[in-house]
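Here is the structure we will look at, set down as structure tokens.
The values are calculated or read from the model by the stated rules, or taken from the named source; none is laboratory data. This one's a predicted model, so the numbers in the text were calculated from it and none came from an experiment. We place every Cβ from the backbone using ideal geometry, glycine too, and count neighbours over all the protein chains shown.
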């Protein structure tokens, strides 16, 4: 849990702050191994970006909800485009959506990335034959968040209590740690149909999403 703090600096010597974070890494490996690994990279990684496993990231409900939010946005757009398409014609559609993510307190994702962004970029082809429009396309999801520390706040870390976030900022200023970019990418395909029906019956639209297996690097 993050709380507003009154001190913008810890007032403690840098070696003591280094010891605090090193002990946090050692003590957190059994409880939150991914969070401990990323904190260690913050201390040792010289600022190199880190690619996160899509499988681990998508195991959190808040990530899947953000993904579904962007999927629904594409689906609504494609349904509108399908209605405008004339018989025997086709069209290409491209767009991008961003979904902001706030991790739930107490989850391991919270200790890795409290606030992040999922950017979904999609390209689709629509073909109409009579009353039916067939849709196919690909969406590339890019999750990212800078791993950095803000001043003037505190975070509760199991076994360590409330730790001022200013610790991380002071370690960066002392060149004992480096901020870095966390990111993850995965690809999905979409297939669907939009069927026009004469009034008073309503049209019907159906979409199916599938994940593309890619090697995590």
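List of remarks:
- Enumeration of residues in the stretch 54-85 that are assigned to a loop (DSSP other than H, G, I, E, B) and farther than 27 Å from residue 103 by Cβ: 85
- The listed residues are 63, 105, 101, and the only one of them that is surrounded by 17 or more Cβ atoms within 10 Å (Cβ to Cβ) and either under 30 Å from residue 173 (Cβ atoms) or modelled with pLDDT under 95 (or both) turns out to be 101.
- Taking first residues from the stretch 21-38 that are more than 21 Å from residue 148 (Cβ to Cβ) and partners that are in a helix (DSSP H, G or I), the Cβ contacts under 7 Å between residues at least 6 apart in sequence or on separate chains come to 29/36.
- Residue 202 out of contact with any helix residue (DSSP H, G or I) (no Cβ under 7 Å at 6 or more places or on another chain), closer than 30 Å to residue 79 by Cβ and either surrounded by 15 or more Cβ atoms within 10 Å (Cβ to Cβ) or at pLDDT below 95 (or both): yes
- Scope the stretch 150-172; condition assigned to a loop (DSSP other than H, G, I, E, B) and modelled with pLDDT of 75 or more; matching residues: 165
- Residue within the stretch 24-37 that is buried (at least 17 other Cβ atoms within 10 Å of the Cβ), modelled with pLDDT under 95, out of contact with any strand residue (DSSP E or B) (no Cβ under 8 Å at 6 or more places or on another chain) and not in a helix (DSSP H, G or I) present: yes
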